[in-house]
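Let me begin by presenting the structure, written as structure tokens, before commenting on it.
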Amino acid sequence: MITGSFPIERFNRLDTPFYYYDMSVLHETLRVLRAESANIHVHYAVKACATDAILTTIAQAGIGADCVSGGEVKAAVEAGFPADKIVFAGVAKADKEIRYALEQGIFCFNVESMEELEVISQIASAMGTTARVCLRVNPNVDAHTHDKITTGLSENKFGIPMAFLTDAVTRCYRLPAVSFLGLHFHIGSQITDMTPFVHLAQRINELVATVESLTCTDEHGHTVQACVQHINVGGGLGILYEHPNHFPIPDFKAYFAVWREHLHLRPDQQLHCELGRSIVAQCGNLITRVLYVKKGENKQFAIVDAGMNDLIRPALYGAFHRVENISHPDNEEQLYDIVGPVCESSDVFVENYRIAAVQRGDLLVMRSAGAYGETMASRYNLRRLPGHVIS
Ligand code: LLP
């Protein structure tokens, strides 16, 4: 499929900036994802985009949800994700979030510390229920991605250090209100080379063997052999920000092939993953209007009405989003710094960028903005939140 055509007449009647979601791209992405992920439980990472129509469409495709707050669990339940397909991660879950998730009967908590394990157990016990848990292990595998979106190194705050894993598993079996399901991992985001995932698979094989060699004692004093029934490899599959038109669908085939080839799964073990960006990035675009074309001494600035509060990825991570002039696509190209109106020098979308010459009033599209775009918007400078339009 080739993407990149926009209903400009419709856009011209609307107040900018706003996110535009092309549902045909989302449907096609979900079709390929489902075809490639047979027998693997995919949970959509709600943090990437929680817009209602996106969530309900993904829920209807039969995919589960990966949540990192009580608010996300609530949004997932309301969008129609079955509770038994919801997993709840997050480095510090508040008591009220744990209670709410238990009330909803979610599939499992991805537990990030021994301390949190005790609190979940106490709350579940007080509620007269049992919390199903996977332990999130920090596997010390380098994702080779931006340092702000790397999560699987020992120096990161996420997960239980490998050195404490056997203690944590032993504790799970001992606690009365906790049921140990397996292990959870997430090494980082926007990973386009499959090698870090292969390294993760190898590490998981070692850790599963270590855990399953443990003999534990349950709350009644009975001896039980530790068993890893569920393995959750997290998310992280990247997309091609440079080529949204020609490669709108991520390489799900290569991603799932890694797990099928490199993880030593028994038939009774279930594989889970938590993809966010790869499901929604390419269906979303930020539509903005040029307010001024300003001549600087050495450069010219296209100042648009979207700012870093609407799309923070370039300012926060130096991320690239392709920008297109959809009002005058055939103009000869010129060089611009495309910047926003927010009072911060970092409110820059792209520098020294070649684009069809723009004039005041032109509509520009910032591509591949469906993931971590609208969900990360803020009201900084007391600007309004961007809002969205669905195709
Ligand atoms: N699972 C866990 C535990 C996570 O922390 C994340 C993302 C995911 C799954 C989904 O990862 P994905 O498939 O989307 O890579 N705001 C940053 C990305 C932060 C990712 C945080 N965790 C960005 O705009 O690049």
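Okay, here's what the table says:
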read-out: Mean residue ellipticity (222 nm) of the chain, computed from DSSP H runs ≥ 4 via -39,500 (n - 2.57), nearest 500; value: -8000 deg cm²/dmol
read-out: Helix axis angle, 23-36 relative to the chain longest principal axis, alpha carbon, degrees; value: 30 degrees
read-out: Relative contact order [Cα under 8 Å, 6+ residues apart], the range 87-140, whole percent; value: 40 percent
read-out: Exposed-loop-free span, longest in the chain, where GluC sites (Glu not before Pro) count as exposed if DSSP calls them loop and at most 16 other C-beta atoms lie within 10 Å; value: 1-154
read-out: Using alpha-carbon coordinates, inclination of helix 95-104 to the longest axis of the chain, degrees; value: 80 degrees
read-out: Relative contact order, percent, the range 282-390 [alpha-carbon distance under 8 Å, six or more residues apart]; value: 37 percent
read-out: Cα gyration tensor, the range 1-54 - rounded (a/c under 1.5), prolate or oblate; value: oblate
read-out: Residues whose placed amide H lies under 5 Å from that of Arg289, excluding near-sequence neighbours; value: Asp305, Ala306, Leu364
read-out: The chain - charge dipole about Cα centre, Lys and Arg +1 at Cβ, Asp and Glu -1, debye rounded to 20; value: 440 debye
read-out: Residue pairs, from the table Lys96/Lys253; Lys85/Lys157; Lys96/Lys157; Lys74/Lys157; Lys93/Lys253; Lys47/Lys253, whose Cα atoms sit over 31 Å apart; value: Lys96/Lys253; Lys93/Lys253
read-out: Solvent-accessible area, 1.4 Å probe, carbon plus sulfur percent, for the chain; value: 50 percent
read-out: Volume per residue of the C-alpha convex hull in the range 258-338, rounded to whole Å³; value: 180 Å³
read-out: Hz values of 3J(HN,Hα) by residue in the range 275-287 - Karplus curve (6.51, -1.76, 1.60), Gly and Pro given as x; value: 8, x, 3, 5, 7, 10, 4, 7, 8, x, 9, 9, 9
read-out: Rounded FRET efficiency, nearest 0.05, which uses the C-beta distance separating Val119 from Ala163 and R0 of 35 Å; value: 0.95
read-out: Prolate/oblate/rounded call for the range 43-182, Cα gyration tensor, a/c under 1.5 rounded; value: oblate
read-out: Nonlocal amide H pairs with Ala45, under 5 Å, H built at 1.01 Å; value: Asp66, Leu275, Gly276
read-out: In nm, spacing of pseudo-spin labels at Glu332 and Lys74 (7 Å Cα→C-beta vector); value: 5.6 nm
read-out: Using θ = phi - 60° and Karplus 6.51 cos²θ - 1.76 cosθ + 1.60, couplings along the range 373-383 (whole Hz; Gly, Pro as x); value: x, 4, 5, 9, 5, 9, 9, 3, 6, 6, 7
read-out: Label-zone membership for the range 153-195, site His243, 7 angstrom Cα→C-beta point, backbone N under 18 Å; value: 190-195
read-out: On Cα atoms only, tilt of 252-262 relative to the major axis of the chain in degrees; value: 30 degrees
read-out: Surface accessible to a 1.4 Å probe, per residue, for the residues of the chain, Å²; value: 43 Å²
read-out: Largest-first ellipsoid semi-axes for the range 282-390, taking √(5λ) over the Cα gyration tensor eigenvalues, angstrom; value: 21, 16, 13
read-out: Pairwise FRET efficiency - Glu9 versus Ala35, Cβ, R0 = 35 Å, nearest 0.05; value: 0.50
read-out: Relative contact order for the chain, counting Cα pairs under 8 Å that sit 6 or more residues apart, in percent; value: 19 percent
read-out: Under the Karplus curve 6.51 cos²θ - 1.76 cosθ + 1.60, θ = phi - 60°, whole-Hz ³J(HN,Hα) for the range 304-313, x wherever Gly or Pro sits; value: 10, 8, 8, x, 4, 6, 8, 9, 8, 4
read-out: For Phe349, distant residues with modelled amide H under 5 Å away; value: Ile338, Val339, Gly340
read-out: Relative counts (whole %) of C-alpha pair distances in the chain, using bins that are 20 Å wide; value: 27, 52, 19, 2
read-out: Cα gyration tensor, the range 148-276 - rounded (a/c under 1.5), prolate or oblate; value: prolate
read-out: The chain: antiparallel DSSP beta bridges as a percent of all, rounded to 5; value: 40 percent
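The values are calculated or read from the model by the stated rules, or taken from the named source; none is laboratory data. Here the structure is a predicted model, which is why all the values come from computation and not from measurement. Note that we place each Cβ from the backbone using ideal geometry, even for glycine, and neighbour counts take in every protein chain shown. Just so you know, the surface numbers come from the protein's heavy atoms only, side chains and all, with ligands and any DNA or RNA stripped out. Shrake-Rupley method; radii C 1.70, N 1.55, O 1.52, S 1.80 Å.
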